[in-house]
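Here's the structure, in structure tokens; my notes come after.
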Amino acid sequence: MLPMPRSALIALFWIAAVTCVICQLVLIRAVASGGAAAKGRARWQEIAWVVLPALALLGVLVATWHALAVSGSGGIVSRFMS
């Protein structure tokens, strides 16, 4: 595999992160506006099924950013950097 410059890795990360955040915000907005017309407990379950994956995605993005921050040999990303 060809080495990838660190700046390209960081740019790809931010493109993916911004895309994921926009998609999650659109989903949360759709559920919050009541588009599905769920009521009572079903409404809270619907909100939970949108918010919980958003929080999990946030955890993945933070872990990925930390992996990108690893410098030197032995890091997960170091083998892809030139």
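Bear in mind these aren't lab numbers, they're just calculated from the coordinates by the rules spelled out. In this text the structure is predicted, and so the values were computed from the model without any measurement.
For segment 39-44, just list the computed ³J(HN,Hα) in residue order, Karplus coefficients 6.51, -1.76 and 1.60, θ = phi - 60°, integers in Hz, with x standing in for Gly and Pro.
Values, residue by residue: 10, x, 5, 4, 5, 5 Hz.
Each residue of segment 51-61 in order: what ³J(HN,Hα) in whole Hz does its phi give by Karplus 6.51 cos²θ - 1.76 cosθ + 1.60, θ = phi - 60°, with x for Gly and Pro?
Whole-Hz 3J(HN,Hα) from phi for segment 51-61: 6, 4, x, 5, 5, 5, 4, 4, x, 5, 5.
For M4, list long-range residues whose amide hydrogen, built 1.01 Å from N in the peptide plane, is under 5 Å from its own amide hydrogen.
Here the answer is M81, S82, since their amide H atoms fall under 5 Å of that of M4.
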